[in-house]
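The values are calculated or read from the model by the stated rules, or taken from the named source; none is laboratory data. Given the structure is predicted, the values throughout are model-derived calculations rather than measurements. Virtual Cβ from ideal backbone geometry, glycine too; neighbours counted across all protein chains shown.
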Amino acid sequence: MQISDEDDLQYILRNAPVGVCVLEAAGLRVELINRAFLEMTGMRHEAVSGKHYLELFHKANPDDETRLNKIVLEGRSYNDHNVSFVRMRHGKKQTITASFIYSPVKNKEGRVTRVAVWLLENTGQAFNEELAAINEEMAAVNEEFTASNEELSATNEELMKTQDSLRRSEKLFRSIALNIPGSLIIVIDRQHRYVTIEGDIMEKMGYNRRDYEGKHPSEISAGRYEASKHLYERVLAGEKFSVERRAETGEFYIVHFVPLKTQHGEVEAALIIAIDITEIKQAEEKSARLAAIVETSDDAIVSKTPDGVVTSWNAAAERMFGYTADEMIGQPIYKIIPADRHDEELNILARLRAGERVDHFETKRQPKDGRLLDVSLTISPVKDARGLITGLSKIARDITEKKQEEQRKNDFIGMVSHELKTPLTSLTAIIQAAHGKLRHSNDPFLSGAMEKAGYQARRMAGMINGFLNVSRLEAGHLLIEKRPFDLGELIREILDETRLISSSHIFGLEVCDNITVNADPDKISSVVSNLISNAVKYSPKGKLIDVRCQLVGQTVVVSIKDQGMGIKPQDIGHIFDRYYRVSTIHTQHISGFGIGLYLSSQIVSHHGGNIWAESESGQGSAFYFSLPLA
Ligand code: ADP
């Protein structure tokens, strides 16, 4: 008799004409019970399954417990004939006699793992003989059953384990593949058939797991296969390599080919990993473009760490400063900063940290040959993803030419102003003398004309002085001659004179007495005059101009307020720049050169003071300057 399948065995046992009950050896609980056993004992399946055998049958024979234990321990069979017991059948009690045969079920090692109980109803001698025959056959079946059962369950267990771990690895593989962003992972076998295919760009790359897995690539797209075949052959020959591909849709991929080997070193499959590198490629292209721009720029473009170590140095920097990139990268930037300007770097960094922009900052740098170069710097912070400053990038423009040009212009202005001053001084003197003589003339026109001529000559002298001062300032020759004087008195004098000349405005004056400053009275006088004449120039006739001075700590603050056109916020930061003039319809007919405020600010700062303006467009302006007290 050949039993091939566990199911067959189960079937035979369940339908056997004798009662079969299988107990597990450890707990003697019912593991399997067939229909015949239940019928003969009059029990229901639900009532017995999982129960301890002796709970069901100990009444039949009190010695059963010892016997059962013996079977388990010693592995011998035991027969119990002519056992009488009462059963319920069709609602009636019946007493029957039966034989119980207990036989052990052993595993490969010979250990008893189960106990089989065979139950036969005693119906006569003939039956007993038949019973003996059946018993023998059953014993044989039992043995075979035991063996194949053991084998089956072992194989099954192993199979389940393998399947389980396969399933787990596959799941793991897919989840890994899906978790590599922008990737496609394919495993092919030696015949180039797709074993597995997974990845988040599968569909984008024109693959579909359902259509591909288990198939040969030639079945899906012959053209595509032809294009990749030589690569499959290379990887299956054991070569590990990568290629870059560009899809028709424009994406870039890097494809890695990895041979998968058995423990004996034979290639059994190949792993193909495609990764979308479009973004990296685009970034590379962009940075290559930027690098080209940086390299060909005429401006020196330099980057450095926050503590001033050079990290990049372009060709223009090499030309401008005479140091090669090799000589500068890794070196402190101080190499090209003149010793007296080392503090500048710290100031710049502090300004950048405070979120300020540093644009067109004019300074000097020292190239390798030692001469001084005029440069204009634009500096911006390089920040990381968290917004922290990780470096600085500097664009330096050589403005030596421009500076020389400016110098020539200044020299010219200086020379012209100087030359104009001499005849103008004589002219003023002549006008003054003529005015003195004609003041009492009978012709009122003559005295009036001389007064106006005198005023215009003074205006012209003022302008010429302004230009002269600018050129002196630029050349570093603006001379400040300080001496202590009463500031209030000076302001009062200037106002008195202004009142004489211009009767168009109302002047309010509130000055503190006895304010002594140690300053250059001529220069401070030109500051005050300039601010007052601007207030006159840029506010309508009849309006109030209010001049005050106030003590603030160890300084005096002078303010000149008007009720004129005011200054727009976008202009207020520039009005102290040289030659800066606001151009609006209101200012186009007002003459000027844009040097008054520039000169004033230079004079004030040469005195250690500050100058600033506050204004609301259309509401008037207020100019302030401060000077330290003597
Ligand atoms: P300008 O010779 O043009 O007056 P300034 O240097 O004195 O030169 O002034 C620069 C610019 O500032 C002027 O062109 C003007 O637009 C503006 N400005 C100066 N003072 C006033 C003021 N009190 N009210 C409005 N704008 C003013």
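Screening ASP443 against (1) surrounded by 14 or more Cβ atoms within 10 Å (Cβ to Cβ); (2) of a type in the set (Asp, Glu); (3) more than 58 Å from the chain's Cα centre (by Cα) leaves a single unmet condition, (1).
Return yes or no: is GLY566 within 8 Å of the ligand (Cβ to nearest atom) and either outside the structural domain of LYS541 (by TED's automatic domain parsing) or surrounded by fewer than 17 Cβ atoms within 10 Å (Cβ to Cβ) (or both)? Before you say what the answer is, go through the steps one by one.
Details: within 8 Å of the ligand (Cβ to nearest atom): yes; either outside the structural domain of LYS541 (by TED's automatic domain parsing) or surrounded by fewer than 17 Cβ atoms within 10 Å (Cβ to Cβ) (or both): no.
When the stated conditions are applied, GLY566 does not pass them.
In segment 598-608, the count of residues that are closer than 29 Å to GLU362 by Cβ and within 7 Å of the ligand (Cβ to nearest atom) is one or more.
Per-residue answers, yes or no, for (1) surrounded by 14 or more Cβ atoms within 10 Å (Cβ to Cβ); (2) of a type in the set (Gly, Ala, Ser); (3) part of a helix (DSSP H, G or I):
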position: ARG371; (1), (2), (3): no, no, no
position: PRO381; (1), (2), (3): yes, no, no
position: ARG397; (1), (2), (3): yes, no, no
position: SER417; (1), (2), (3): yes, yes, yes
position: THR428; (1), (2), (3): yes, no, yes
position: ALA434; (1), (2), (3): yes, yes, yes
position: LYS437; (1), (2), (3): no, no, yes
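The one condition from (1) basic (Lys, Arg); (2) part of a strand (DSSP E or B); (3) surrounded by fewer than 11 Cβ atoms within 10 Å (Cβ to Cβ) that ARG408 does not meet is (2).
Between a residue in segment 523-544 that is touching a residue at least 60 places away in the same chain (Cβ under 8 Å) and within 19 Å of LEU490 (Cα to Cα) and any residue that is within 13 Å of the ligand (Cβ to nearest atom) and not polar (S, T, N, Q), which pairs come within a Cβ distance under 6 Å, given they are 6 or more apart or on different chains? Partner pairs satisfying both residue conditions: LYS523/ILE603; VAL527/ILE603; ASN530/GLY596; LEU531/ILE560; LEU531/PHE623; ALA535/ILE545; ALA535/ILE560; ALA535/ASP562.
Just checking, does segment 350-359 include any residue being touching a Ser or Thr at 6+ places or on another chain (Cβ under 6 Å) and either assigned by TED's automatic domain parsing to the domain that holds GLY387 or over 23 Å from LYS383 (Cβ atoms) (or both)? Yes, the conditions are met somewhere in segment 350-359. Scanning segment 501-541 for residues that are within 16 Å of the ligand (Cβ to nearest atom), aliphatic (A, V, I, L, M), touching a Gly at 6+ places or on another chain (Cβ under 8 Å) and more than 14 Å from LEU597 (Cβ to Cβ) gives a single hit, ILE506. Selection of strands (runs of 3 or more DSSP E) fully inside segment 41-153 by the criterion of at least 3 residues being touching a helix residue (DSSP H, G or I) at 6+ places or on another chain (Cβ under 6 Å), at pLDDT 80 or above and in the same structural domain as ASN15 (by TED's automatic domain parsing) returns 92-106, 112-121. In summary, ASP577 fulfils each of the numbered conditions (1) near the ligand (Cβ under 7 Å from one of its atoms); (2) touching a Phe, Trp or Tyr at 6+ places or on another chain (Cβ under 8 Å) with the single exception of condition (1).
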